[in-house]
Amino acid sequence: MAQPGEQRRAIVSGASIAGLSTAFWLHRAGWHVTVLERAPQFRDGGQNVDVRGLAREVLQRMGLLDAVRAANTTETGTVVVNTDGTVRATLPSDGPEGATAELEVLRGDLAKIILDAVPEVELVYGDTVAEVRQHDDRVEVVTTAGRRLDAEFLVVAEGARSRTRDRVFPAATIHRRDLDITMAVGTIPRIDTDDQTWRWYNAVGGRSVHLRPDNHGTTRAILAYAPGEDLLGVDRREALARVRTRYADVGWQALRVLDAFEHADDLYFDQLTQIRVDQWHRGRVVLVGDAAWCVTLMGGGGASLALIGGYTLAAALTDDVNADPVSALATYERRMRPMADRVGRTPKALVRFAYPRTRAGLVARGIADRLVTGTILRTLVQRLHAGKEDDDAVTLPTMRSCP
Ligand SMILES: Cc1cc2nc3c(=O)[nH]c(=O)nc-3n(C[C@H](O)[C@H](O)[C@H](O)COP(=O)(O)OP(=O)(O)OC[C@H]3O[C@@H](n4cnc5c(N)ncnc54)[C@H](O)[C@@H]3O)c2cc1C
């Protein structure tokens, strides 16, 4: 515990949305923050995420709202297309809470905007937590590069596959739900026929192709299919070959995407897994973001929750200097858990609707797209963008801004 007049210290592991926003707020409250990031440099990349509801309020309090607005992906709406590219159903953007959000931004751009706002925070790339020793008054971290760090708290913001979480928290308290959806995600060159909409194409076998515009003159592509297969740890060439075989007869722009993925430098594969952890804190170690509550793309709103989580955690830690750490962390969890739980579990029916497996399912989906553009499809697309929106009942805690 810091003595009166001494600067309080925190270690944050993971430099994406949750870790950087926690670092931002702790730094603003006068803490010394060391951020450890496993990657050798800033991790750019990722597709459109959007910021809604309370997360927009957090960005406003950070003073970053205009910067995020200026980095808008330029996407204007969502359309479902047929094999020949003609539009089967349209979901136009309709305001900040519509299917396409006013604050839609690439994940990498959002992370970079927050990063640029915390130049004084100590950022260590290419290093990770190797050992955690908990003491009554502090937590000690030894890193793989041999650093020894002491702090009041270790904040674990390492995403859904967090190793530090798995090391510190009992395995029985970490619940993983594999949604059985595989995604190949990457940036491809833009061509003349690419427009400003998110174009979504479904083929039988639960296979889909997504093309989305960005603000960098390129196109963001996803090949997503269910049932999926675990490609994590599979050599990139082999993984891509497997996806190519699966997509051989899909049609529309699948082959263009596959060819471009051969050269994409940000190509990655994901097997969507929701995470729920019974308790987010253990001693002086605390989880935030996907490490604690990964909702996945199908749950929607992961970036917004990460922004709110970083703020809520920092607010609880700085609330009362004399509060014991366990009660500060319990306060964070009590405030934050209802927001993460609201996004909740993704119903199996929603997965089946998004990824129809049979021709009958595809036909049913085609009818549904035409008939219920305003309901099911809208709900689904909103979830993929942001999760539920009824933030009215929840308010942000206040933040002490001085040490
Ligand atoms: C490169 C990338 C691309 C993404 N693309 C999308 C997307 O297209 N759409 C979408 O909805 N979501 C995407 N996400 C996930 C999205 O960022 C999160 O769902 C959400 O923003 C919550 O973020 P988070 O900070 O909790 O976790 P994440 O964004 O997953 O970040 C975790 C961070 O911790 C780092 N890390 C992991 N393990 C360790 C370790 N042991 N020690 C130190 N650092 C570690 C990772 O390198 C990463 O920087 C992406 C994430 C990443 C990292």
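Laboratory data are not the source of any read-out in this text; all were calculated from the coordinates shown. Note that this is a predicted model, so its numbers are computed, not measured. Because the Cβ atoms are built from the backbone with ideal geometry, glycine has one as well, and the counts that use them run over all protein chains shown.
Contour minus end-to-end for Glu120 and Thr86, with contour as 0.36 nm per residue of separation and end-to-end as the Cα-Cα distance?
7.2 nm
Among 186-198, 144-156, 209-221, how do they line up by average Cβ neighbours within 10 Å per residue, starting with the highest?
Sorting 186-198, 144-156, 209-221 by mean packing, highest first, produces 209-221, 144-156, 186-198.
Would you work out the Kirkwood radius for segment 1-159? I mean one over the mean of 1/r across all pairs of different Cα atoms, in Å.
17.7
Using only Cα positions of segment 243-285, each an equal point scatterer, no hydration layer, compute I(q)/I(0) via Debye at q = 0.33 Å⁻¹ and quote the log10 values to two decimals.
One equal scatterer on each Cα of segment 243-285 leads to -1.13.
Need the full-extension length gain, Arg167 to Leu65, defined as separation in residues times 0.36 nm minus the C-alpha distance. One decimal, nm.
33.1 nm
So what is the orientation-averaged projected area of segment 201-265, using the convex hull of its C-alpha atoms, in nm²?
With every direction weighted equally, the projected area is 4.7 nm².
Tell me, what is the Rg over Rh of segment 96-161, with Rh the Kirkwood radius over Cα pairs?
1.12
Any idea what diffusion coefficient segment 156-234 gets from Stokes-Einstein, in µm²/s, Kirkwood Rh on alpha carbon pairs, 20 °C, 1.002 mPa s?
140
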